[in-house]
Amino acid sequence: MTELILIGAGVLLGAILCFNGYKLFRLCLAVAGGVLGYVGGTFVCKFIESTGSKLPELAKTLIPLIPALVLAIMAFTLYMKALIAITALFCAYFVYTDYGELFPGKGASKTLMPLLVGFVIGLVLGIVVYFAQKWTICFFTAFVGARVIALASSTYLWNLLKANPYALYIQDSFLGTRVTDTPALTACFIIVAFTAAGFVVQLKSSKKK
């Protein structure tokens, strides 16, 4: 029950960003900054503990919380100036978490390659959004919202779908058998569908103003 509530909350938040992101862009940027700061702090905690060090509970709370608050405030205050950095970091995290397994290599190279590819893609997108404004802001917020929806729901949906042999066949056809047990393709379909829908809805609603 708790899992479904969290999934519902994530989908609702993602839908707000996806279909109303242009109107709430400054707030969206602050939320994205806060999420990235929290994720980065959590990653640091896991890395420290992977070396054998033990972190106290207070440190586990503060290390993710402080960068989350700092990045959220900076993103809201600097607004468009923070856009390129937020977009680059967001895309780096997105490519690493969802498609990192598809990259070849081992150890550090397998971690750095998807991060680097995602960062470059995000950097280009951020520069385009910064200069093109309206259309790209609609697309960017639709994509972020779709990504949040996918993050909240793709694992749950894939666990339901993978019992069906046709779903496994489609997944294997696209990604190969070595990455069968992953929600990557399900997440991709969700992201594409909601990004397209959110982009169209936002463009239409912005024209009415």
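The values are calculated or read from the model by the stated rules, or taken from the named source; none is laboratory data. Keep in mind the model is a prediction, meaning the values are calculated, not measured. Note: ideal-geometry Cβ built from the backbone for every residue, glycine included; neighbour counts use all protein chains shown.
Find the helices (runs of 4 or more DSSP H) located wholly in the stretch 132-209 whose residues include 1 or more that are within 21 Å of I16 (Cβ to Cβ), out of contact with any Gly (no Cβ under 9 Å at 6 or more places or on another chain) and modelled with pLDDT under 85, and list them.
On the way: elements: 134-161, 165-175, 184-207.
Filter on the stretch 132-209 gives 134-161, 184-207.
I16: within 18 Å of the chain's Cα centre (by Cα) and either in contact (Cβ under 8 Å) with a residue 40 or more places away in the chain or exposed (fewer than 14 other Cβ atoms within 10 Å of the Cβ) (or both), yes or no? So I16 passes the test. A85 - would you say it is under 30 Å from L203 (Cβ atoms) and within 19 Å of the chain's Cα centre (by Cα)? Spelling it out, A85 is indeed under 30 Å from L203 (Cβ atoms) and within 19 Å of the chain's Cα centre (by Cα).
Checking each residue in the stretch 41-68 for being among the small types (G, A, S) and closer than 19 Å to F90 by Cβ picks out G41, A68.
Matching residues to (1) over 25 Å from N159 (Cβ atoms); (2) part of a helix (DSSP H, G or I):
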{"site": "L6", "(1), (2)": "no, yes"}
{"site": "V11", "(1), (2)": "no, yes"}
{"site": "L17", "(1), (2)": "no, yes"}
{"site": "K23", "(1), (2)": "yes, no"}
{"site": "L29", "(1), (2)": "yes, yes"}
{"site": "G34", "(1), (2)": "yes, yes"}
{"site": "V39", "(1), (2)": "no, yes"}
{"site": "A68", "(1), (2)": "yes, yes"}
{"site": "I84", "(1), (2)": "yes, yes"}
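Please go through the stretch 45-58 and give me each residue that is exposed (fewer than 14 other Cβ atoms within 10 Å of the Cβ) and either touching a residue at least 12 places away in the same chain (Cβ under 8 Å) or part of a helix (DSSP H, G or I) (or both), ordered by number. K46, F47, E49, S50, E57, L58, listed by residue number.
For the structure I just gave you, tell me whether K110 is among the basic types (K, R) and in a helix (DSSP H, G or I). Before you say what the answer is, go through the steps one by one.
Values: among the basic types (K, R): yes; in a helix (DSSP H, G or I): yes.
When the stated conditions are applied, K110 passes them.
Going by the structure shown, is L125 modelled with pLDDT under 80 and either under 26 Å from N20 (Cβ atoms) or surrounded by fewer than 16 Cβ atoms within 10 Å (Cβ to Cβ) (or both)? No: the conditions fail for L125.
Output the residue which, of all residues in the stretch 26-41 that are within 13 Å of the chain's Cα centre (by Cα) and among the hydrophobic types (A, V, I, L, M, F, W, C), is nearest to A59 (Cα to Cα). Give the steps one after another, and end with the answer.
Going through the stretch 26-41, the residues within 13 Å of the chain's Cα centre (by Cα) turn out to be 28-29, 31-40.
Next cut, among the hydrophobic types (A, V, I, L, M, F, W, C) only: 28-29, 31-32, 35-36, 39.
Details: C28: 27, L29: 26, V31: 22, A32: 23, V35: 18, L36: 18, V39: 15 Å.
Per the criteria, the residue is V39.
Looking across the stretch 102-118, the residues that are over 22 Å from S50 (Cβ atoms) and either surrounded by 14 or more Cβ atoms within 10 Å (Cβ to Cβ) or polar (S, T, N, Q) (or both) come down to L102, V117. Being crowded, with 19+ Cβ neighbours inside 10 Å and under 21 Å from F119 (Cβ atoms) holds for only one residue in Y38, Y22, Y99, and it is Y38.
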